[in-house]
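One structure is given here, and the rest of the page talks about it.
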Amino acid sequence: METSTTWRPPLLWRFLLALSRVVIFPLCRLRVVGAVPAELLGGPVILATNHVSPFDPLVMVAACHKAGIAPRIMITGGVFDTPVVGAAMRACEHIRVDRGSAQVADALPAAAQALKDGAMVLVYPEGRIGLDPWMWPERGKTGVARMAQLTGAPVLPVAQWGAHAVLPYEAPKNIGRALLRALVRRPVVTVGFGVPVDISTVSGTPGAQAMRATRLIMEGIDAALAPLRAGEMEMPRYVDTTRPPDMSRVRPRG
């Protein structure tokens, strides 16, 4: 893929990346495992990560700062509609995703352009906080695969684990109690960078290719997540009782 420019993170985004580590420090102990391969640091790349808690985005921002990267993030449109946070998201040049609306298709070309401009793009392929009863990544949407096919950008799986022990699914309901518990316990939250996913071998119609590539990407996230939850492979040690289990998007795993 040819990139027309080298995207530079806005000053506000660089400040917020650093601030995130200060904000999360009282609430958890952040661990980052692995790194973005050196050959991917200077070019566009899609970071595909799992989603387990409302606390995830803040964890990922702090982990990205620790890893020395500043991706543009695909964020649900409602965040952009809030008066202060929305203005900050636009200033940081993050990418709006209006799920469930006629404008949702606008996110793909916007993300593709960001990649063509040389940016990293962080995206949650599940499209929501996953509701797999065992907290493994559920079946992903095909958007990440289509972004990769459209731009030629590599896909790097990123796994995270432990954020559900800081903020439960029901947040912001009972958020005060959850934050107080986190302040006392400071659970370990781990982010692991995986191995780039090779989707160049997928074949078939464009739709079939997107589905097969999506399966490979989710398997890559599984592989990055497995060592982070060693000893919890079947059921998490900390169970978020506010999380409604949903079997409709559970994926078969080895």
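Over all other residues within a Cβ to Cβ distance under 14 Å of A105, the charged ones net out to +2, with Lys and Arg as +1 and Asp and Glu as -1. A DSSP coil position with no more than 12 other Cβ atoms inside 10 Å describes the following trypsin sites (Lys or Arg not before Pro) in segment 94-173: K173. Counting only Cβ charges, +1 for Lys and Arg and -1 for Asp and Glu, the dipole size of segment 150-233 around its Cα centre is about 440 debye. Remark: the chain carries 47 Å² of accessible area per residue (probe radius 1.4 Å; ligands, DNA and RNA excluded). Expressed as a whole percent, the accessible area of the chain that falls on carbon and sulfur atoms is 61 (1.4 Å probe). Each peptide in 74-80, 86-92 was scored by the mean count of other Cβ atoms within 10 Å over its residues; highest first, the order is 74-80, 86-92. Here the label points at L179 and D246, each 7 Å from Cα along the C-beta direction, are separated by 2.7 nm in the simple model.
The order of the peptides 57-63, 107-113 by mean Cβ neighbours within 10 Å, most packed first, is 57-63, 107-113.
Could you tell me the distance between the Cα centroids of segment 1-68 and segment 213-242, to the nearest Å? Here the answer is 20 Å between Cα centres. Within 10 Å, at most 11 other Cβ atoms, and a DSSP state outside H, G, I, E, B define an exposed site. Report the longest part of the chain free of exposed GluC sites (Glu not before Pro). Within the chain, the longest run free of exposed GluC sites (Glu not before Pro) spans 3-233. Note on the chain: with charges restricted to the Cβ of Lys and Arg (+1) and Asp and Glu (-1), its dipole about the Cα centre is near 600 debye.
The values are calculated or read from the model by the stated rules, or taken from the named source; none is laboratory data. Since this is a predicted model, take the numbers as computed values, not measurements. Ideal geometry is used to build each Cβ from the backbone, glycine not excepted, and the neighbour counts take in all protein chains shown. Note: areas computed on protein heavy atoms with side chains; ligands, DNA, RNA excluded. Shrake-Rupley method; radii C 1.70, N 1.55, O 1.52, S 1.80 Å.
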